[in-house]
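Undergrad: Just passing along the structure, written as structure tokens.
The values are calculated or read from the model by the stated rules, or taken from the named source; none is laboratory data. This structure is a prediction, so every number in the text was calculated from the model and none was measured. So basically every Cβ, Gly included, is an ideal-geometry build from the backbone, and we count neighbours across all protein chains shown. Accessible surface is based on the protein model in full, side chains and every heavy atom, while ligands, DNA and RNA are left aside. Shrake-Rupley method; radii C 1.70, N 1.55, O 1.52, S 1.80 Å.
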Amino acid sequence: MRRAERAAALLAFAVGAGAAVWALWPTDVPDDLELPPLGQADVASAAHIREAERFETFLRWDYVLAEVVVLLVLALYAWRGHRLARESAAGRIGTGMLLGMLGLGILWITQIPFGLAEIWWARRYDAAEVGYLEWLLGYWLGLAGQFGFICLALAIVMGFAQVLRDRWWVAGAPAFIALYVVFAWSLPWLIPDDRPVDDPALAAAAQRYAREQGTDPIPVRIEDVSAYTDSPNAFAAGMDASRKIFIWDTLLDGRFTDDEVHVVLAHEIAHHSREHIWKSVGWYALFAVPGTFLIALATRRRGTLREAQAVPVALFVFVALNLAAQPILNVVGRRMEAEADWVALETTDDPTAARGLFEQFTVVALADPSPPRWSTLLFDTHPTMLDRVRMAEAWRERSEGRSHP
Amino acid sequence: MSDRPVRLLVTDDLERSRLTVFFRLLLAIPHFFWLGVWTFGAFFSAIAQWFVTVLRGRPVPRLHEFHIGYIRYATHVGAYLALAANPFPGFLGAPGYPIDVEIASAERQGRLGALLRLLLALPALFMLVLISGGGPSGVGPYWVVSGGIVAAVAFLGWFASLVRGCMPRGLRNLAAYGLRYTAEVYAYVLLVTPVYPSTDPRLPAHAGAPPSHPVRLDVVDDRRRSRLTTFFRFFLLVPHLVWFSFWGVLALLIAVVQWFFTLVAGHPASPLHRFLAAWVRYQTHLFAFGFLIANPFPGFTGTPGYPVDLELPPPGRQRRLVTLFRLPLALPAFVVSGALGWLLYAAGIGGWFAALALGRMPSGLRDAGAHALRYSAQVNAYALLLTERYPFSGPPVEPSDDAPG
Ligand SMILES: [Zn+2]
């Protein structure tokens, strides 16, 4: 591209991205909302906070170290990995797939100690029931999925690169966005061991909340996970016709009151009613375009992704970019979660249950109610439990202001 | 393989008496009893031999002779049952039976090897079950029904011998291979020899060379195996298995079309022939990679040039009658192919551990697996109308200058 064309393309992308951010950024949470000054002592006992801090600190550092090793290993692989092409008798794309899979395979091996350390630590705190061998087997089987996925991705990218050379990203980015949509859309059917809700009150609440949030009824399913874990969870999946809400049976085992479960339900419905899954497609697209472009740029010296030799470099750049984008995606994620909390408060009118839910979560999940800022920045896809409690209290103040003018 | 401790002697002329073939199993009843008695004696004398060898490093020569006689006798009975030989065997294991073994005994043996003999023999015993269902012993009828390649051969050979009055050379040689391996395992377990049993399929020249076949397997593999790709071998197949299933469905449809065409025209259609040839070749490459018969990651198109490759004939005239009954005619070959498939699995599993430890594939396993691949390719080529030549199941033979003097 000539310089003028390049500048024009960059400008067009910047304008488009700006418009997209402008459309995706706002939430229902009032801009002038002031969170009351609560401290972590207000949401958990001192003993719990001490234990949770100890518990989470280890996991945090385990994770950070693991990521450092990931980057080191992939950097080494980007440097020397192309030599493994000698183990292939396949053509360009086949050899590329082999190099991609071997890169992930090597990575997989290096991550075993960190995974085992995490299990060991979690077992010490009774936060995991999974055995070491069981975990290793699951981890091993997971690798098959990773191999399948990277082969699909490389078939797309390298297929385009055979024709478009280093401009493959022009077709590659839309292809990945389309794949993301397909995956997000079909996710509800990929969930194993799910069944309909058996509690009529919960089903009725789901109908009511959906109506109040201005959306069509959304099917609620119970996912049986208590055999593997006792940590409580729920999530929203699918888009449009495939929308569903999944509640783990661990949330319904009596540790949470009905009102607290209803807050979770309203929160998940809010993810759908506020179109969070479509919005995450938008955010993904916003990152996929420059991301694929940067990968194309970085692999030029190895002959672009037309050649298998470029795959190790592409893998490194891809993982590094993902890691770099994580803090930004976390900010986006936390905004959506805050919006879902806010809409749930508006729907249930029950800040006491919301607060109870978050406090109980803190206890059950052995969560640090207010982790260090750097950790939130790097890892947290949800607001801290302390912030969520503070939002519930802020909502209470506002609603009291509204009903007693 | 003249350096092997067990040498196979084949003087059988393939002629079979239909009468004794028909009653073969019943005629063998006295031998079952006698073999049972002999097995009983061999079991206890082997324990004595084991103590002596572990303590002195030298087995007792008398017991050696007894065990060699036992192995010879068991081989004769096995050959009689598997229809690898015609005459009713004697009860003393005397030399001279049409399928016989010569066993070189070792007077000195390492004490550690002797001490751990049974433990070390486990992989070989595992192979033995696959090849001959454990071998002929006092529980003869058990052996007949327990599967294994020799049992499959006996089953098919029974029909063939009744119809034709002679045993097909391929089946006879396959049985002879199984009997030799059985004898090698017995000789190892009974401390006759410290040499580990080899699954090397090559037979001595006097077993009769296989007829030239239009479907040939070319092996230019140097037995080096990358430990990395060996470790992940199973999962590296993921993209191939997806591709394999798509291609397989298509190949099946094309084969049906080809069948009609060949039936009408008297010769296969060239483009379809090319397509099916590429499919059979791809299958060979893929299985060679998957079962560690070759090292590099194969391509997806079945293009020639892989270290374990297939030579396939061009389309030629085919008799319409043979075409019409192609599938029923192929049925026996599929049975043998299924039995040989176990050999492939054994080569893959055994080879996986060996290649991880040594970085090389043992030649016995590699060649045994290659033989199974060759036969499977011949069966596929026959079923998919690439050739009307019937598959030949016999293992390869040594060049004739290596014949026993
Ligand atoms: Zn949420």
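Undergrad: Please verify whether segment B:302-309 includes one or more residues that are under 26 Å from B:Thr199 (Cβ atoms), within 13 Å of chain A (Cβ to nearest Cβ) and small (Gly, Ala, Ser). Spell out the reasoning first.
TA: Taking segment B:302-309 as the starting set, the residues that turn out to be under 26 Å from B:Thr199 (Cβ atoms) are B:306-309.
Narrowing the set further to residues that are within 13 Å of chain A (Cβ to nearest Cβ) leaves B:306-309.
This time we only want the ones that are small (Gly, Ala, Ser), so: none.
Within segment B:302-309 (the criterion being under 26 Å from B:Thr199 (Cβ atoms), within 13 Å of chain A (Cβ to nearest Cβ) and small (Gly, Ala, Ser)), the answer is no, since none of the residues qualifies.
Undergrad: Test each condition in (1) under 23 Å from A:Ser370 (Cα atoms); (2) open to solvent by 30 Å² or more (accessible area, probe 1.4 Å); (3) of a type in the set (A, V, I, L, M, F, W, C) for A:Phe13 and report the one that comes out false.
TA: Looking at each condition in turn, A:Phe13 falls short on (1).
Undergrad: Working only within segment A:44-63, note down all residues that are surrounded by 15 or more Cβ atoms within 10 Å (Cβ to Cβ), within 26 Å of the chain's Cα centre (by Cα) and of a type in the set (A, V, I, L, M, F, W, C).
TA: Across segment A:44-63, the qualifying residues are A:Ile49, A:Ala52, A:Phe55, A:Phe58, A:Leu59.
Undergrad: For segment A:310-330, state whether one or more residues are within 16 Å of the ligand (Cβ to nearest atom) and either β-branched (Val, Ile, Thr) or more than 21 Å from A:Val157 (Cα to Cα) (or both).
TA: Residues of segment A:310-330 that are within 16 Å of the ligand (Cβ to nearest atom), as a first pass: A:329-330.
Then keep just the ones that are either β-branched (Val, Ile, Thr) or more than 21 Å from A:Val157 (Cα to Cα) (or both); that gives A:329-330.
Scanning segment A:310-330, I find at least one residue that is within 16 Å of the ligand (Cβ to nearest atom) and either β-branched (Val, Ile, Thr) or more than 21 Å from A:Val157 (Cα to Cα) (or both), so the answer is yes.
Undergrad: Let me ask another. If you check A:Ile222 against the conditions, is it within 16 Å of the ligand (Cβ to nearest atom), at pLDDT below 95 and more than 14 Å from chain B (Cβ to nearest Cβ)? Explain how you work it out, then say what you get.
TA: On the way: within 16 Å of the ligand (Cβ to nearest atom): no; at pLDDT below 95: yes; more than 14 Å from chain B (Cβ to nearest Cβ): yes.
No.
Undergrad: How many residues, within segment B:256-275, are surrounded by fewer than 22 Cβ atoms within 10 Å (Cβ to Cβ) and either free of Cβ contacts under 8 Å to residues at least 24 places away in the same chain or in a helix (DSSP H, G or I) (or both)?
TA: Just the residues of segment B:256-275 that are surrounded by fewer than 22 Cβ atoms within 10 Å (Cβ to Cβ), to begin with: B:256-257, B:259-261, B:263-267, B:269-272, B:274-275.
Subset that is either free of Cβ contacts under 8 Å to residues at least 24 places away in the same chain or in a helix (DSSP H, G or I) (or both): B:256-257, B:259-261, B:263-265, B:270-272, B:274-275.
Going through segment B:256-275 one residue at a time, the tally reaches 13.
Undergrad: Answer with yes or no whether A:Phe235 is assigned to a loop (DSSP other than H, G, I, E, B), modelled with pLDDT of 90 or more and out of contact with any His (no Cβ under 6 Å at 6 or more places or on another chain).
TA: On the way: assigned to a loop (DSSP other than H, G, I, E, B): no; modelled with pLDDT of 90 or more: yes; out of contact with any His (no Cβ under 6 Å at 6 or more places or on another chain): yes.
When the stated conditions are applied, A:Phe235 does not pass them.
Undergrad: Something else: Enumerate the pairs (first residue in segment A:325-337 and among the hydroxyl-bearing types (Ser, Thr, Tyr); second residue anywhere and more than 10 Å from the ligand (Cβ to nearest atom)) with beta-carbon separation below 6 Å, excluding pairs fewer than 6 apart on the same chain, so at least 6 apart or on different chains.
TA: none
Undergrad: Considering only residues that are of a type in the set (Ser, Thr, Tyr) and assigned to a helix (DSSP H, G or I), look in segment A:371-398 and name the one that is nearest to the ligand (Cβ to nearest atom). Don't jump to the end; show me each part of the working.
TA: In the first step, residues of segment A:371-398 are kept if they are of a type in the set (Ser, Thr, Tyr); the result is A:375-376, A:381, A:384.
Filter once more, keeping what is assigned to a helix (DSSP H, G or I): A:375-376.
Numbers: A:Ser375: 19, A:Thr376: 16 Å.
If we take residues in segment A:371-398 being of a type in the set (Ser, Thr, Tyr) and assigned to a helix (DSSP H, G or I), then A:Thr376 is nearest to the ligand (Cβ to nearest atom).
Undergrad: Just give me the residues in segment A:225-241 being in contact (Cβ under 8 Å) with a residue 60 or more places away in the chain and away from the ligand (no atom under 16 Å from the Cβ), in sequence order. Before the answer, list the steps.
TA: Start the filter on segment A:225-241 by keeping residues that are in contact (Cβ under 8 Å) with a residue 60 or more places away in the chain, which leaves A:228-232.
Passing the criteria: A:Tyr228, A:Thr229, A:Asp230.
Undergrad: For segment B:283-301, name all the residues that are away from every other protein chain (no Cβ under 11 Å) and either over 20 Å from B:Trp342 (Cβ atoms) or not in a helix (DSSP H, G or I) (or both).
TA: Listed by number, the residues that qualify are B:Phe291, B:Leu292, B:Ile293.
Undergrad: Residues to consider are A:Val69, A:Val73; find the one that is of a type outside the set (Asp, Glu) and crowded, with 18+ Cβ neighbours inside 10 Å.
TA: Working: A:Val69 fails: crowded, with 18+ Cβ neighbours inside 10 Å.
Only one candidate passes the filter, namely A:Val73.
Undergrad: Can you pull out every residue in segment A:92-121 that is away from chain B (no Cβ under 14 Å) and without any contact (Cβ under 8 Å) to a residue 24 or more places away in the chain? Reasoning before the result, please.
TA: Taking segment A:92-121 first, the residues away from chain B (no Cβ under 14 Å) are A:111, A:113-121.
Once the filter is applied, which keeps residues that are away from chain B (no Cβ under 14 Å) and without any contact (Cβ under 8 Å) to a residue 24 or more places away in the chain, segment A:92-121 yields A:Pro113, A:Leu116, A:Ile119, A:Trp120.
Undergrad: Can you find a residue in segment B:34-49 that is more than 24 Å from the chain's Cα centre (by Cα), crowded, with 20+ Cβ neighbours inside 10 Å and farther than 19 Å from B:Pro194 by Cβ?
TA: Taking every residue of segment B:34-49 in turn, at least one turns out to be more than 24 Å from the chain's Cα centre (by Cα), crowded, with 20+ Cβ neighbours inside 10 Å and farther than 19 Å from B:Pro194 by Cβ.
Undergrad: Same structure, new question: Can you find, within segment A:246-296, the residue that is farthest from the other protein chains (Cβ to nearest Cβ) among those that are basic (Lys, Arg) and within 16 Å of the ligand (Cβ to nearest atom)? I'd like the intermediate steps shown before the answer.
TA: Here is the first cut: in segment A:246-296, the residues basic (Lys, Arg) are A:255, A:274, A:279.
If we keep only those that are within 16 Å of the ligand (Cβ to nearest atom) too, we end up with A:274, A:279.
On the way: A:Arg274: 37, A:Lys279: 32 Å.
Out of the qualifying residues, it is A:Arg274.
Undergrad: Kindly check whether there is at least one residue in segment A:187-201 that is buried (at least 17 other Cβ atoms within 10 Å of the Cβ), in a helix (DSSP H, G or I) and under 24 Å from the mean Cα position of the chain (by Cα).
TA: The answer is yes, given that some residue of segment A:187-201 is buried (at least 17 other Cβ atoms within 10 Å of the Cβ), in a helix (DSSP H, G or I) and under 24 Å from the mean Cα position of the chain (by Cα).
Undergrad: Okay, next question. All but one of (1) under 20 Å from the mean Cα position of the chain (by Cα); (2) farther than 25 Å from B:Trp243 by Cβ hold for A:Val182, so report the exception by its number.
TA: Only one criterion is unmet by A:Val182, namely (2).
Undergrad: Return the total of residues in segment A:135-161 being more than 14 Å from every other protein chain (Cβ to nearest Cβ) and more than 24 Å from the chain's Cα centre (by Cα).
TA: 2
Undergrad: Within segment A:211-223, track down each residue that is in contact (Cβ under 8 Å) with a residue 12 or more places away in the chain and either closer than 21 Å to A:Ala184 by Cα or assigned to a strand (DSSP E or B) (or both).
TA: Initial filter on segment A:211-223 (in contact (Cβ under 8 Å) with a residue 12 or more places away in the chain): A:212-215, A:218-223.
Those that are in contact (Cβ under 8 Å) with a residue 12 or more places away in the chain and either closer than 21 Å to A:Ala184 by Cα or assigned to a strand (DSSP E or B) (or both): A:Thr215, A:Ile218, A:Pro219, A:Val220, A:Arg221, A:Ile222, A:Glu223.
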